[in-house]
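Notes follow the structure.
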């Protein structure tokens, strides 16, 4: 069972690292095949609507990742100040990030950091001379699909999260939890233990490190 769990975790980790992003290579991510979409002069995704085109890139050289847009009319650069643009990113869990843009030299720069993971559904709106242009596309990174028969054969399933107590749990169960769950919140020890609440992320990190570097060392589920 332990060998199967470790093999599954390794498979998912490789999938997350090796699954190509739908973003250009110049943005710091693996590039899909050139045929997947048209690239612009800055190696970004070209979005076209008639004679108008908008090149979407994520720039992250020396700065936190940010959107940069380049506008064209008839394949000729347009002054950035003549374009009003917005981008919406819809992430897993229906979390939506919104970006407005300002002109900076020959480029439109996004209003915030494009946080990791760079895996989302994208909606782009640009207005030029009163005319609205709109596009939607998927830009998925680090996602994988496990076929139903493989999931069943491997004993993989899904369920809704429910409150759990770490009281009277073994170090092994804590290590397993650190590798398989990722919900926010606090884990509270039973009143009899007089242990204070500890963030779940801290427990997971502590247990994972102890498991990785010394399997013989006992990991604690709560600080004393």
Inset, instruction - Go through the range 98-116 and give me each residue that's farther than 20 Å from residue 76 by Cα, in a loop (DSSP other than H, G, I, E, B) and touching a strand residue (DSSP E or B) at 6+ places or on another chain (Cβ under 8 Å). - result: 111, 112, 113, 114, 115
Inset, instruction - Check the range 131-144 and report whether any residue there is assigned to a loop (DSSP other than H, G, I, E, B) and without any contact (Cβ under 8 Å) to a residue 60 or more places away in the chain. - result: no
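Tell me yes or no: at least one residue of the range 71-93 is closer than 21 Å to residue 130 by Cα and in contact with a helix residue (DSSP H, G or I) (Cβ under 8 Å, 6 or more places away or on another chain).
Here is the first cut: in the range 71-93, the residues closer than 21 Å to residue 130 by Cα are 71-88.
Going one step further and asking which of them are in contact with a helix residue (DSSP H, G or I) (Cβ under 8 Å, 6 or more places away or on another chain), we end up with 71.
Checking the range 71-93: at least one residue is closer than 21 Å to residue 130 by Cα and in contact with a helix residue (DSSP H, G or I) (Cβ under 8 Å, 6 or more places away or on another chain).
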Legend entry - Test for residue 82: is it under 16 Å from residue 53 (Cα atoms) and either loosely packed, with under 14 Cβ neighbours inside 10 Å or in the same structural domain as residue 70 (by TED's automatic domain parsing) (or both): yes
Legend entry - Criterion violated by residue 88 - all others in (1) surrounded by 12 or more Cβ atoms within 10 Å (Cβ to Cβ); (2) assigned to a strand (DSSP E or B); (3) out of contact with any strand residue (DSSP E or B) (no Cβ under 6 Å at 6 or more places or on another chain) satisfied: (3)
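Given the structure, is residue 71 closer than 16 Å to residue 137 by Cα, in contact with a strand residue (DSSP E or B) (Cβ under 6 Å, 6 or more places away or on another chain), part of a strand (DSSP E or B) and modelled with pLDDT of 95 or more?
Values: closer than 16 Å to residue 137 by Cα: no; in contact with a strand residue (DSSP E or B) (Cβ under 6 Å, 6 or more places away or on another chain): yes; part of a strand (DSSP E or B): yes; modelled with pLDDT of 95 or more: yes.
So residue 71 does not fit the description; no.
The values are calculated or read from the model by the stated rules, or taken from the named source; none is laboratory data. The structure presented is a predicted model; accordingly, all values stated were derived computationally and were not measured. FYI the Cβ positions are ideal-geometry reconstructions off the backbone, even for glycines, and counts take in every protein chain you see.
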